[in-house]
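Quick note: the coordinates plus some simple rules give every number you see, no bench work behind them. What you see is a predicted model; the values in this text were computed from it and never measured. With ideal geometry, Cβ positions are generated from the backbone for all residues, glycine too; neighbour counts draw on all protein chains shown.
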Amino acid sequence: MPPAGIPVPPGCPCRIPAGPERAHDHRPRLRIIRAAITDQGDAPTVAEIADAVSLRPSLVYYQLRELEAKGAISREPHQARGIRLA
């Protein structure tokens, strides 16, 4: 995952699809989380995920709650990097 503020290059596996399905496809968020944990040893923040997928942090927060409800991730409350893959 590129550092915050650096645009995601075309063809990067973190790239989200264009069109209306982009907000509902959770795979890019999971790839970003997995890449950050693998590369940096820690999960990304909501703001870092939002920057990488070009969405508002509030929408990413909502989607993380959906992923948690589906059992794809677990989150530690009140921790910026508290996302864990299930």
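Among residues of the range 70-86 that are over 11 Å from residue 46 (Cβ atoms), those with a beta-carbon under 9 Å from a residue that is of a type in the set (Asp, Glu) and loosely packed, with under 13 Cβ neighbours inside 10 Å at least six positions away or on a different chain give the pairs 84/76. Once the range 38-86 is narrowed to residues that are over 16 Å from residue 25 (Cβ atoms), under 11 Å from the mean Cα position of the chain (by Cα) and among the β-branched types (Val, Ile, Thr), the residue that is surrounded by the most Cβ atoms within 10 Å (Cβ to Cβ) is 83.
Annotation note: Cβ proximity below 8 Å between a residue of the range 26-52 that is under 14 Å from residue 68 (Cβ atoms) and a residue that is surrounded by fewer than 20 Cβ atoms within 10 Å (Cβ to Cβ) and among the aromatic types (Phe, Trp, Tyr) (sequence gap 6+ or interchain) occurs for 46/61. Could you say which residue among 52, 80, 47, 69 is touching a Ser or Thr at 6+ places or on another chain (Cβ under 8 Å) and either in a helix (DSSP H, G or I) or at negative phi (or both)? Exactly one of 52, 80, 47, 69 is touching a Ser or Thr at 6+ places or on another chain (Cβ under 8 Å) and either in a helix (DSSP H, G or I) or at negative phi (or both), namely 80.
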